[in-house]
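Structure first, commentary second.
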Amino acid sequence: MANHKSALKRIRSNRVRRMRNRYYAKTMRNAIKSFRHLEDKEEAAKQLPKIVSLIDKNAKRSVIHKNKAANLKSKLTKKLNALG
């Protein structure tokens, strides 16, 4: 167990940040999963900007790496273009 007040505070703040990051990451993953199941191109075209925004925000917050964000956006855009 921690011996200093600052270490105790770090433990508390790390727990809060971890839970917040888990929420952001899970929300993004659920949105991506629902996008991948779409079959309608118009609906997918409406959803893509919102999902890209979620991905960019998570990259900015360092929840995910910026290269992972770029890869996800690329894959989702390819999925949209492949829909007929």
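The values are calculated or read from the model by the stated rules, or taken from the named source; none is laboratory data. Please read these numbers as outputs of a predicted model, since none were measured by experiment. Heads up, the Cβs are rebuilt from the backbone with ideal geometry, glycines too, and the neighbour counts pull from every protein chain shown.
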(request) Return the pairs, sorted by first residue and then second, in which the second residue is exposed (fewer than 10 other Cβ atoms within 10 Å of the Cβ) and at pLDDT 95 or above, the first residue lies in the range 3-18 and is within 23 Å of Val63 (Cα to Cα), the beta carbons are less than 8 Å apart, and the residues are 6+ apart or on different chains. (result) none
(request) Would you check which residues across the range 12-48 are surrounded by 11 or more Cβ atoms within 10 Å (Cβ to Cβ) and not in a helix (DSSP H, G or I) and list them? (result) Leu38
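Check the range 17-32 and report whether any residue there is basic (Lys, Arg) and over 26 Å from Ala70 (Cβ atoms).
Going through the range 17-32, the residues basic (Lys, Arg) turn out to be 17-18, 20, 22, 26, 29.
Imposing the further condition that a residue be over 26 Å from Ala70 (Cβ atoms) reduces the set to none.
Checked against the condition, which is being basic (Lys, Arg) and over 26 Å from Ala70 (Cβ atoms), the range 17-32 yields no hits at all.
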(message) I need the full set of residues from the range 58-84 which are surrounded by 15 or more Cβ atoms within 10 Å (Cβ to Cβ), under 26 Å from Arg18 (Cβ atoms) and in contact (Cβ under 8 Å) with a residue 24 or more places away in the chain, in order please.
(response) Asn58, Val63, Ile64, Leu72
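Only one of these is small (Gly, Ala, Ser) and under 10 Å from the mean Cα position of the chain (by Cα): Ser13, Ser6, Ser53. Name it. So that I can check it myself, show each step before the final result.
Values: Ser13 fails: under 10 Å from the mean Cα position of the chain (by Cα); Ser6 fails: under 10 Å from the mean Cα position of the chain (by Cα).
Ser53 is the lone residue from the list that is small (Gly, Ala, Ser) and under 10 Å from the mean Cα position of the chain (by Cα).
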(request) Take Ser62 and decide whether it is hydroxyl-bearing (Ser, Thr, Tyr) and outside any helix (DSSP H, G or I). (result) yes
